[in-house]
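Read-outs: derived from the displayed coordinates by stated rules, not from any lab. Remember, it's a predicted structure, so these values are computed and weren't measured experimentally. Methodologically, a virtual Cβ is constructed for each residue, glycine included, from the backbone with ideal geometry; neighbour enumeration extends over all protein chains shown.
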Amino acid sequence: MNRKENRKGIGRIVAVLAGAAALTLISCGSRGRELKNLIQEDEGGERVVNLFSPMEKTDPNAENVARSASDLTIAMAEEELGVTVAYKTYTAEDYQDKTYDEITLDRAHNNMDDLYLLNPDVILALGEEGELMDLSGLESAKNLRDIVKTANTVDGKLVAIPQEVVAYGLFVNKDMFDEYGLSLPETPEEFLECCRVFKENGIETPIGANRWWLETFVFAQAYADLYNGGNTEAEIAALNSGEARYSDYMRPGFEFLKELIDRGYVDAEKALVSEAIEGEGEDFLAQKTPIVMAYWGAANTETAYGKTDFEMQVIGFPSSRGQMPVVPITGFGVGAEAEHAEDAAKVLDVITSDEALQVYSETNRVISPSKNVSVECVPALKPLNDRIEEGVYVLGSNAGMKVEQWGNTCLIVRELLGGATVDECMAAFDRLQDETAGGE
Amino acid sequence: MKEKTGKREERRNRSLFISIVLVFLILGTIVYTVSRKISEEMSLAAIQNLSESLDLIQYTIEAILRNEAEFQAMIAREAAQADDPEAYIRSYEKNRTMVKLSLILSGKTEGISNDGEPFTEEELDFSAGGTINGMPVSQAYMNYMGTWAYTMKCPVERNGQEIGTLYVEYIYDSIDESLPNGFYNKQASLYVMDAESERFILKPKGMGQRSAGHLNLDDFYRANDIREESIRAEVAECLEEGKDLLFYHDIRGVDALNYMWAINGGTIFLVGYVPVEAIQQEGSTVNQNIFLVVAAMLVAFLSCVALYYINWRQQDKIRKEQEQERKVHSEQLAEALQAAQIASNSKTMFLSNMSHDIRTPMNAVLGFASLLAVDADDPVKVREYTKKITASGQHLLRLINDVLDVSKIESGKVVLNFEKFTLSDVVSSVEAIIVPMAKEKRQEFHVEVTGIRNEYLVGDETRINQVLLNLLSNAVKYTPEGGHILFRMIGLKQRSSQYEHIRIEVEDDGCGMTPEYLETVFDAFTRAENSTTNKVQGTGLGMAITKSIVELMGGTIEVSSQVDKGSLFTVEIELRIQEQREDKQFWEERGISRILVVDEDAENCENVQELMRDTGVCLDAMRMEEALIRLREGSGQYQLVLLDWDAPELDGTRAAGMLRGVLPDDVPLLFLAEYDAEGVEEALLTKNSALLAKPFFVSSFREKIREMWGDIGGDDTKEPGQADSLEGLHFLAAEDNEINAEILTEVLKMEGAFCEVVENGRLAVERFRQAAKGEFDAILMDVQMPVMNGYDAAKAIRRLEREDAGSIPVIAMTANAFAEDEKAALEAGMNAHVAKPLDVELLKKVIRKYVR
């Protein structure tokens, strides 16, 4: 009886399996073909906004916080507007190549792109040429801090809006300062003293430098009084009218730089061919160099100085008024004649909105250009942040000055690095000031 | 044997397991091979596919370049035709492809561009030697538009004479527009590299591709961690010779197919990588499907194996069960066989015993009969011989009864005959038989009854008697002279209020039994020793009958025994209690409301009180001294005093005297004593006293009171001989056996009665029908007769249309001696049943009962 039942049970299972197999075969064989066009049509034309921005030559595996932060806001714009933001990038392979700024100018002149990430000097240059759209009508423009508006307003037009206020400072290896019993320098004299001690203790080049950012030393000393003396507008007016000379402001800084070079605290030859961070970063991280200069974001970014084996602090540049942050305002500009100018402006409006800037600042821990957004900075940046919060800083760029500062000073510093005397450099400033005046 | 089977099974299981593993291994190998083959084929196909895609891109770019070259040649021709070639150039506006046209006239180092700016060849590098349609093409450079560009130059010839060189600048962005916007589902990356400078001049668009590594070839190597010298050397060779190259290398942890694809003879290269996963998408899908199918098959196979296993397990279980069953069966068979053999042996032995046992008395009968014939004239000897013949005959009868009983019990034909009875009757009848037997062997026999709550019970009294007699007679039999036999009847805790739960113990200090014998003591046809050599006579059936009867009554019987120490038989039975309770009226009628029990033993008092509890009589139990004080004080109006004669510290005679002294004369004094108590006779001489035999039972107590109060009428007190006399009676007897008929006739004749014998039932019926009224006083009816048996005859007689047909006593006289035979006789309408062989006294008693 039992055996019979078992057989019956097995028989049933076999029948079910056979049925299942048959069904499978039928379902495989009977897939019909529909008689229609199989190509999926695009839903409307794709709206593209071309964004031109620099690309770092960095380790591909490292997390680039700045880029991630920016990407997050771009994604917000793409989602909100239904556009695709196509990145165009350029990075100079070496110092002989055209610089990013040069390429930016060329591309902007030829309307190659829609949205540009611009350095201060390029903002002024393109703004003056009328290549950039007036962004003052954007919603996001209303939230901007005055300092940003001041720096990026050319001929009454707001031509660029940044996602962060870039403050430059000295990145110092606090451990090494402590090792030699040095306190962090406030004035140029103290700074020189520190370098001397380092040098004497076998550190060959106490300051790591590149061809871009040495000018921050100059700005700190040149404009410490101008921006913090309470008479800023008058002094700028005097410079614009020619009553005051840029060379007078710049000279102490240049002489200071000259002294650093002469004493061997800066390797001029190496600096002249070094790209930012790439050139000096390695030695700084390896604790061979106790001092470098960089922008705020470098302290947050692993690809720069976000992760050090030592205690790092970011302080202002030495000046007669103590440690002085240098703030050149960068920003995104929209080509006035760009093919997709309208969409580009919309994208910009989204990526500089309070919402986007909140995301950006939180990811990146930077000073936001919006007065409505603030986040806490990393501990290393505290000294620098404190100064800025006090309102003590100098601008690295100012569209209100007729002579463009950020780009020109950089170039003239390179001449100094290349062997020019301080007087020759001052002559260059005078020439620039005169040309500008003459142009008018 | 078992071990061998186990090993064989183990070997079989192992080989089965190995075969399954082998099947799996082969299946796995096949699947692996097939999937490898598919993978390889897919991979080859994918490489082919990628090559074709790259070829297509290559041809597209080369076509563009050729078109540009042809167009440039055309412009050069047109410029040559122009009067002022420079003016012609200036008139040209840039477009998306040709962003700058310049002309340097022969013999000059500086020419002019279409934007009016002066132009020199200085910034252009044609050293790489690349050409398109024979036109030299420069290295890539970043042009004034901030984008990668190249320039082709061609001579401007007029009338076969070169008048200048036309330079046209093209931007790679225009080629970019013709390239696919990502291929292999956008997983592939595509760069265009300038071969000479190894710079990447076109890069993938979009956010996801902004990773580092697209500056130049070195940057690409670094970013993608391509460090192997061999690969780099091969790449260098490709660049040198303008060959295509495909190689596998991980790109950021993903296995990828990398490519270097020469365009325009190697002036520019397509560089990039495709993740292998993207190439082998179909392959891996196919493999996944194969895996799925294999997994499904595996699951199916395992299911089948599992099903088979379960089935096998069940079969195995059934087989084992069957085997077990068979084993049990064969064991049972073996046991049965053994039992049968034992039974057979026992029966053989029984038969031999029987033959001896029967021959012995038979020998006595025949021997004494022949002696009788010789000494017929000597009345003393005749009497002695007949006495011995009677004894031997009785022994023979017992033997036959036992044998018949066993055969009936064994064939399940015994029916219990439930009737009301009292325990006192049982005890006294047993006592009456056993006491003389014990006395004969000078054994001490004691009866104890304790804890009995009800003595009026319902049951088969005869069978109970049979059990007790069997046990006790055995005890007497197997206990030597001077031994002790104890008969205890103990009331146990009732399980149901309707049943009295009784334990009966028969204990002796006799010869006991060996453990081996104990095992078979209750089997039929066994005896403690082979009786042919033993002086103890018996059938060997008694205990078997006893056990069967006890079990028939729903009871149990157990025995414990030790050789030479004695045996203890314990019977436990439950007997239904009679519904009719103790009649209070009996006591009231006789004015008995208070009885004094004088006893030194408290337990005895309790027993008496317990038994008397329903009588409504107040029982005061106390010790002698107390009793005397009480009686002297005159307190307590006792109608009767009961004295325990056997109290050890009490001299019964003296006690009786003292009690009598303080008791009024009209209060009876009863001595509760054992049958053989000393001095009782003497004490009985005192006034108004009587003996009540132990053990105490209410029924016997009542009987005694009735006796003392003079209730028992003169009817029952007449002389037995007189009462049973058959003088002058006429009987009709139906008996087919002549000898029996003769004996009957003679016996009755001796009693002074007349008997007419007929040969069968029919004749009896006929004879009675014809008889005059009152001719016969009774009909004695044999049962087994030819023509018509006794039952039918009795029925027929009762049916006769005669006045006395219903009233004439019909008494069965038959060798069918069992209870059910008696029952059948009564049912057939007969009045009584007397078993053969004839017991004259019993017959007389019965006849007198029914015949007036």
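Per-structure values
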| read-out | value |
| --- | --- |
| Peptide-level mean, for B:145-151, of C-beta atoms on other protein chains within 10 Å | 5 |
| Packing-based ranking, highest mean first, of A:157-169, B:491-503, B:323-335, A:425-437 given that Cβ atoms within 10 Å are counted | A:157-169, A:425-437, B:491-503, B:323-335 |
| Rounded to 10°, Cα long-axis angle of helix A:188-200 versus longest principal axis of chain A | 70 degrees |
| Mean Kyte hydropathy of -1.0 or more with a Cα span along the axis of at least 20 Å, helices from DSSP in chain B | B:2-81, B:281-374, B:379-410, B:423-440, B:461-478 |
| Per residue Cα convex hull volume in Å³ - calculated over segment A:62-143 | 144 Å³ |
| Within segment B:9-24, backbone nitrogen closer than 16 Å to the virtual label 7 Å beyond the Cα of B:Ala306 toward Cβ | none |
| Nearest-0.05 FRET efficiency for B:Arg848 and B:Ala432, computed from C-beta distance (R0 25 Å) | 0.70 |
| Kirkwood estimate for segment B:730-852, i.e. one over the average of 1/r between Cα atoms, Å | 13.9 Å |
| DSSP-assigned coil residues among trypsin sites (Lys or Arg not before Pro) in segment B:102-196, each with at most 12 further Cβ atoms within 10 Å | B:Lys108 |
| Estimated distance in nm for a label pair at B:Ser91 and B:Gln281, the labels positioned 7 Å out from Cα along Cα-to-Cβ | 5.3 nm |
| Ordering of A:129-136, A:242-249, A:323-330, B:681-688 by burial proxy (mean other Cβ atoms within 10 Å per residue, highest first) | A:323-330, A:129-136, A:242-249, B:681-688 |
| Mean projected area in nm² (Cα convex hull; one quarter of hull surface) for segment A:193-266 | 5.7 nm² |
| FRET efficiency for B:Glu742 and B:Arg442, using Cβ-Cβ distance with R0 set to 51 Å, rounded to 0.05 | 0.75 |
| Eligible lysines near B:Lys565 by straight Cα distance, threshold 17 Å, same-chain separation 8 or greater | B:Lys477 |
| Net lengthening on full extension, B:Asn465/B:Leu56 (0.36 nm per residue, minus Cα-Cα) | 134.8 nm |
| Folded to 0 to 90 degrees: helix A:422-439 orientation relative to chain A principal axis, Cα | 80 degrees |
| Reachable lysines, given that their alpha-carbon falls under 29 Å from the alpha-carbon of B:Lys186 and they are not under 8 places away in the same chain | A:Lys36, A:Lys57, A:Lys88, A:Lys346, B:Lys37, B:Lys203, B:Lys205, B:Lys243 |
| Estimated [θ] at 222 nm from DSSP helical runs (n ≥ 4, -39500 (n - 2.57)) normalised by residues in the protein assembly as shown, nearest 500 | -15500 deg cm²/dmol |
| Equivalent ellipsoid, chain B (semi-axes from 5 times Cα gyration tensor eigenvalues, Å) | 143, 36, 27 |
| Helix axis angle, A:120-129 relative to chain A longest principal axis, alpha carbon, degrees | 90 degrees |
| Residue-span extension gain [B:Gln314 to B:Gln394] - 0.36 nm each, minus C-alpha spacing | 22.1 nm |
| Volume per residue of the C-alpha convex hull in the protein assembly as shown, rounded to whole Å³ | 448 Å³ |
| Amide hydrogen neighbours beyond the local backbone of B:Glu448, cut-off 5 Å, H modeled | B:Phe487, B:Arg488, B:Met489 |
| Inter-chain Cβ neighbour average for residues B:135-144, partner chain, 10 Å | 2 |
| Calculated FRET value between B:Phe71 and B:Leu105, using beta carbons and R₀ = 25 Å, to 0.05 | 0.75 |
| Set of lysines with alpha-carbon distance to B:Lys845 below 21 Å, sequence-local pairs under 8 removed | B:Lys718, B:Lys749, B:Lys823, B:Lys836 |
| Per-residue ³J(HN,Hα) for segment A:274-291, Karplus 6.51 cos²θ - 1.76 cosθ + 1.60, θ = phi - 60°, Hz, x for Gly and Pro | 9, 7, 4, 6, 4, x, 9, x, 4, 5, 5, 5, 7, 6, 8, 10, x, 9 |
| Nitroxide proxy distance, nm - points 7 Å out along Cα→Cβ at B:Arg359 and B:Glu117 | 15.8 nm |
| Shielding by other protein chains, A:79-88, mean Cβ within 10 Å | 2 |
| Ranked by how many other beta carbons lie within 10 Å on average, peptides A:71-77, B:803-809 from highest | A:71-77, B:803-809 |
| Label-point gap, in nm, between B:Lys823 and A:Ser183 - each point 7 angstrom along Cα→Cβ | 13.2 nm |
